[in-house]
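**Q** Sharing a structure, written as structure tokens. Questions coming.
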Amino acid sequence: MQIQTLNRESAQAWLHSVVRQHLASNARRYDRSCYTPDLGRQCNALGIHVDLKPEEGKVVELSEDWLLLKTGRASFFVAARSLLAFQPALGDQVRITPYARRRFDGTRLDAPIQERYGDVVFDVFKLGERVSPLPIDKSALRSPHLLALIEQVEQLSAPDRYRTLAQLLLDAGGDSPRVDYRDVDDKDLGRIAPALRFSVQTTKHRGHLDIRYNRGADWYDLYLIEAGSLDEVQARTGVYFNELAVVIASLIDDGSWLLAKVEVLQAARQRRAA
């Protein structure tokens with residue numbers, strides 16, 4: 001099966017073909033969730049993109065393309081095997097943690113934010129939240145061009161149409177994503193470019209990505225900086241704001257962010273030879 005056919009419809013069809021043997025005889029319905037490459041279609045009843053929660057259960061079916069996890073009496077989780085960082089065995093008890101969009105502090109995007117009113121602290125949930133703000137105090141910036149760049153990075157959609165450009169850059173930053181910036185007074189624009197710098201730890205590049213604003217041409221120049229040096233190993237100049245996400249993805253995004261973490265909680269018992 002080709003990757004483009006590993007979608008929610010094919011996952012549900014495969015589940016329907018095998019689920020009966022894993023249901024109690026009196027079960028009339030079952031619940032299911034699916035982890036497939038088409039995350040952009042993963043929406044709730046309100047049409048809002050949602051991120052799957054970790055699932056625990058027993059591996060009860062394996063095919064060339066799919067894994068079936070029984071998570072309850074009549075609840076199941078289907079995952080494309082190509083999206084698993086580790087391949088468990090049939091009968092293993094496992095926890096599978098699918099990709100979830102994050103903030104730069106490491107918390108899930110759908111996790112509550114604590115807000116204080118006087119002496120009372122509230123957990124605030126924001127339905128449909130899609131933005132991961134860069135860890136930069138915008139009110140302290142001098143350059144309106146840097147502020148515009150930050151807002152574009154936060155708001156632009158990544159090519160996968162599921163994440164924002166900020167989340168793409170966050171996912172490419174490894175375990176300790178870092179963001180630096182260069183703020184510039186307007187009088188210095190002719191010789192110094194406002195810029196953002198992101199750490200990158202992917203198979204495509206290890207080091208940093210610089211996004212620099214070219215005021216004269218009103219476009220952005222992109223530079224890849226080799227880890228541990230100041231050498232620019234690749235550059236793309238003349239990138240307009242509406243091209244940023246596509247060009248940056250081509251430079252640094254290797255797709256590994258999509259792999260679900262798999263933890264074996266209890267290995268399947270080995271059958272004794274007769």
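**Q** Taking the condition at pLDDT 95 or above, hydrophobic (A, V, I, L, M, F, W, C) and in contact with a Cys (Cβ under 7 Å, 6 or more places away or on another chain), does residue 78 pass?
**A** It is true that residue 78 is at pLDDT 95 or above, hydrophobic (A, V, I, L, M, F, W, C) and in contact with a Cys (Cβ under 7 Å, 6 or more places away or on another chain).
**Q** Could you say which residue among 97, 107 is free of Cβ contacts under 8 Å to residues at least 40 places away in the same chain and hydroxyl-bearing (Ser, Thr, Tyr)?
**A** Among 97, 107, only 107 is free of Cβ contacts under 8 Å to residues at least 40 places away in the same chain and hydroxyl-bearing (Ser, Thr, Tyr).
**Q** State which residue pairs qualify: first residue on the phi > 0 side of the Ramachandran plot and inside the range 196-224, second residue assigned to a strand (DSSP E or B) in any location, beta carbons under 9 Å apart, and separation of 6 or more residues or different chains.
**A** 207/199; 207/200; 207/201; 207/224; 207/225; 207/226; 207/233
**Q** Can you tell me how many residues in the range 77-107 are within 19 Å of the chain's Cα centre (by Cα), open to solvent by 60 Å² or more (accessible area, probe 1.4 Å) and more than 12 Å from residue 260 (Cα to Cα)?
**A** The total comes to 2.
**Q** Give me a count of the residues in the range 248-274 that are open to solvent by 70 Å² or more (accessible area, probe 1.4 Å) and either part of a strand (DSSP E or B) or touching a helix residue (DSSP H, G or I) at 6+ places or on another chain (Cβ under 8 Å) (or both).
**A** 4
**Q** Right, here's the next one. Six or more apart or on different chains, Cβ atoms under 7 Å: show the pairs whose first residue is in the range 54-67 and open to solvent by 30 Å² or more (accessible area, probe 1.4 Å) and whose second is modelled with pLDDT of 95 or more and in a loop (DSSP other than H, G, I, E, B).
**A** That search, which allows pairs on different chains as well, returns 58/91; 62/90.
**Q** When only residues in the range 108-128 that are in a loop (DSSP other than H, G, I, E, B) and hydrophobic (A, V, I, L, M, F, W, C) count, which is surrounded by the fewest Cβ atoms within 10 Å (Cβ to Cβ)?
**A** Here the residue is 127.
**Q** Looking at residue 161, is it surrounded by fewer than 20 Cβ atoms within 10 Å (Cβ to Cβ), under 14 Å from the mean Cα position of the chain (by Cα) and in contact (Cβ under 8 Å) with a residue 60 or more places away in the chain?
**A** Yes.
**Q** Between residues in the range 243-269 that are without any contact (Cβ under 8 Å) to a residue 40 or more places away in the chain and more than 25 Å from residue 156 (Cα to Cα) and residues that are among the aliphatic types (A, V, I, L, M) and surrounded by 14 or more Cβ atoms within 10 Å (Cβ to Cβ), which pairs lie under 7 Å by C-beta distance while being six or more apart or on different chains?
**A** Between residues of the range 243-269 that are without any contact (Cβ under 8 Å) to a residue 40 or more places away in the chain and more than 25 Å from residue 156 (Cα to Cα) and residues that are among the aliphatic types (A, V, I, L, M) and surrounded by 14 or more Cβ atoms within 10 Å (Cβ to Cβ), there is no close pair.
**Q** Can you go through 184, 131, 94 and tell me which one is part of a loop (DSSP other than H, G, I, E, B) and touching a Pro at 6+ places or on another chain (Cβ under 8 Å)?
**A** Of the residues listed, the single one that is part of a loop (DSSP other than H, G, I, E, B) and touching a Pro at 6+ places or on another chain (Cβ under 8 Å) is 184.
**Q** If you go through the range 4-35, how many residues are within 21 Å of residue 159 (Cβ to Cβ) and modelled with pLDDT of 95 or more?
**A** Count: 1.
The values are calculated or read from the model by the stated rules, or taken from the named source; none is laboratory data. Remember, it's a predicted structure, so these values are computed and weren't measured experimentally. Because the Cβ atoms are built from the backbone with ideal geometry, glycine has one as well, and the counts that use them run over all protein chains shown. For accessibility, only protein heavy atoms count, side chains too; no ligands or nucleic acids. Shrake-Rupley method; radii C 1.70, N 1.55, O 1.52, S 1.80 Å.
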